[in-house]
Amino acid sequence: MSTPSDPDYPPLLHEQRVALRAYAAKHGRRWKEYLLAEWIKATAEPLLHRLRNTHGPSWLLAYRLDTASGAGHGPEGGVAQSRPRTPGRHRRAPAHH
């Protein structure tokens, strides 16, 4: 099985990185959730929808926007990598009243 950092994924085009950053800026911290929903409904703009076909949901969930120097990817940044789970940081179950 491929991981997001595998060479099996085509490198992102400059335009794709710009589109991802703009989408994230527009939708805030839950941008991946919104983009995944748009992918399911096939309502994402064509440039972002193509990423669904070439990279897929697993890639998106592991992708992180590089807010530092761009790590060699230009000012738009973006690095796909798996993030290790941090002990003690789990989603809380909804409170039942």
Members of the range 14-25 that are touching a helix residue (DSSP H, G or I) at 6+ places or on another chain (Cβ under 9 Å) and either basic (Lys, Arg) or surrounded by fewer than 14 Cβ atoms within 10 Å (Cβ to Cβ) (or both): GLU15, ALA25
Residue in the range 39-46 that is in contact (Cβ under 8 Å) with a residue 24 or more places away in the chain, within 12 Å of the chain's Cα centre (by Cα) and at negative phi present: no
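Go over the candidates ALA93, ALA22, ALA44, ALA37 one by one and state the one that is modelled with pLDDT of 95 or more and either among the hydroxyl-bearing types (Ser, Thr, Tyr) or in a loop (DSSP other than H, G, I, E, B) (or both). Spell out the reasoning first.
Numbers: ALA93 fails: modelled with pLDDT of 95 or more; ALA22 fails: either among the hydroxyl-bearing types (Ser, Thr, Tyr) or in a loop (DSSP other than H, G, I, E, B) (or both); ALA37 fails: either among the hydroxyl-bearing types (Ser, Thr, Tyr) or in a loop (DSSP other than H, G, I, E, B) (or both).
Just a single option satisfies the conditions, and that option is ALA44.
Within the range 63-77, is even one residue at pLDDT 95 or above, in contact with a Lys or Arg (Cβ under 8 Å, 6 or more places away or on another chain), among the small types (Gly, Ala, Ser) and part of a loop (DSSP other than H, G, I, E, B)?
Filtering the range 63-77 for residues at pLDDT 95 or above gives none.
No: the range 63-77 contains no residue that is at pLDDT 95 or above, in contact with a Lys or Arg (Cβ under 8 Å, 6 or more places away or on another chain), among the small types (Gly, Ala, Ser) and part of a loop (DSSP other than H, G, I, E, B).
The values are calculated or read from the model by the stated rules, or taken from the named source; none is laboratory data. Worth saying up front: this structure is predicted, and the values here are computed from it rather than measured. FYI the Cβ positions are ideal-geometry reconstructions off the backbone, even for glycines, and counts take in every protein chain you see.
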